[in-house]
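Structure record follows, encoded as structure tokens.
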Amino acid sequence: MNTRRMRRIAARRERHSSRSTAVSVALVLVALGGAYLGTECVLAAVGAQPLLAAPADLVRLAVEDEPRRLGIAAVLAVLGIIALVLALTLGGRPRHRVERESVTVIVDDEVLASGLSRAAADSAGVPRQQVRTSVSRNRAAVRVTPVSGRAVAQSAVAQAVASAVTAVGARPVIRSRVQVAEEGVIPR
Amino acid sequence: MTRSNRTLNRVLLALIGLGLLVGAVLAARPVLDPLLPEPVLSVLDLGTPPQDPDTTQLWIAAAACALIIVIALAWVLTRGRGRTRTAVVRPGDEIDAKVLTALATDALRTQHDVLHVASAGYRLRGARVVRVQVEVRPGADLGRLVPAVDEAMAVMQRRVGLELPVVAQLSAGGNRTRSRVD
């Protein structure tokens, strides 16, 4: 398998959840339930006292008590839907990919946001603490709070952020949006 | 990045989900029975446990539980494999991941935004992949840093003498102070 293809496969694994944790949690719960039921079955088969309730009593409790049956059904349905959603959804991690000649770079969205905040702050002439950036799969939202008494040119900041986004070349492509707060603050 | 079979993980989650939903339908039968057609009801009757199981049925149920426990624990305990100490295998010799870490750290030593570098090898589909983790300073200039990482990985591969499948992850370094290699 060639190097680029291996890089692409590895990058995809880095950008998506393996669902191993979800499966492990589900299987540990299944194993615990199985351990309890198995123990009760063995105790009943050898005629010993049950831990909590004999299997026949457990079945009777679940079958005869209608409110309890519906409660159990609701819990099982919710857990089943959660498991199915986890199985069928993509499970993307907050990361973007940058293809380069020698390496595939995976950039955490937190790092991207921090870099865009810096570009916006430098362009706006405000401390970095006055810029908030959030990065999602296709969007970066930058909010700049100006220093009191100093106007911030929204278009210049937008241009600086767009340039920073282009310079990184992240995939999926990110569109940036810059918002400047109407009221400024006095930097601490 | 591990060698876990992700498709199988999802298939297993889907099976567990479907099993739970079937359990939910069985438990809700008093409410659902008037709504369900006869063929579905006859299938559901097969899934209803006997109200007074005999000894043989109890032993069969206990054996089934034991089998489920063994399969579940075997699955859980074999997750997350694939990481190897040996990152590169060349004809005649092997290169430890620590060597690659040292090479990558050296190649990135002039980058002010880089706080820490670590690397590891992974076995993936019969091949080896090198994963380099680069922790960066908050507000790092990515327009400069990403090409620098590319160049550093090219230098690392030239020094190893092989073209390697390398994936570098840039993550936030938090409060870590820069580690130096002198």
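The values are calculated or read from the model by the stated rules, or taken from the named source; none is laboratory data. Note that the structure is a prediction, hence the values are computed from the model and not measured. With ideal geometry, Cβ positions are generated from the backbone for all residues, glycine too; neighbour counts draw on all protein chains shown. For the accessible areas, the whole protein counts, side chains as well, though only heavy atoms, and no ligand, DNA or RNA atoms are used. Shrake-Rupley method; radii C 1.70, N 1.55, O 1.52, S 1.80 Å.
Meeting the requirement of 1 or more residues that are open to solvent by less than 60 Å² (accessible area, probe 1.4 Å) and hydroxyl-bearing (Ser, Thr, Tyr), the helices (runs of 4 or more DSSP H) wholly within region B:31-148 are B:38-46, B:97-107.
Hey, among the residues in region A:124-147 that are of a type outside the set (A, V, I, L, M) and open to solvent by less than 50 Å² (accessible area, probe 1.4 Å), which one's nearest to residue A:175 (Cα to Cα)? Don't jump to the end; show me each part of the working.
Start the filter on region A:124-147 by keeping residues that are of a type outside the set (A, V, I, L, M), which leaves A:125, A:127-130, A:132-134, A:136-139, A:143, A:145-146.
Narrowing further to those that are open to solvent by less than 50 Å² (accessible area, probe 1.4 Å): A:125, A:127, A:130, A:133, A:145-146.
On the way: A:125: 23, A:127: 24, A:130: 21, A:133: 13, A:145: 20, A:146: 22 Å.
Looking at residues that are of a type outside the set (A, V, I, L, M) and open to solvent by less than 50 Å² (accessible area, probe 1.4 Å), I get A:133.
Being of a type in the set (A, V, I, L, M), under 25 Å from residue A:25 (Cα atoms), surrounded by fewer than 16 Cβ atoms within 10 Å (Cβ to Cβ) and modelled with pLDDT of 80 or more holds for only one residue in B:12, B:8, B:26, and it is B:8. Of the residues making up region A:5-61, those that are hydrophobic (A, V, I, L, M, F, W, C), surrounded by fewer than 17 Cβ atoms within 10 Å (Cβ to Cβ) and more than 8 Å from chain B (Cβ to nearest Cβ) are A:25, A:29, A:32, A:46, A:48, A:51, A:52, A:53, A:61. Considering the conditions (1) small (Gly, Ala, Ser); (2) touching a Lys or Arg at 6+ places or on another chain (Cβ under 7 Å); (3) surrounded by 15 or more Cβ atoms within 10 Å (Cβ to Cβ), residue A:92 is excluded by exactly one of them, (3).
If you take the residues in region A:123-150 that are of a type in the set (D, E, K, R) and under 18 Å from residue A:185 (Cβ atoms), which one is nearest to the other protein chains (Cβ to nearest Cβ)? Among residues in region A:123-150 that are of a type in the set (D, E, K, R) and under 18 Å from residue A:185 (Cβ atoms), the one nearest to the other protein chains (Cβ to nearest Cβ) is A:128.
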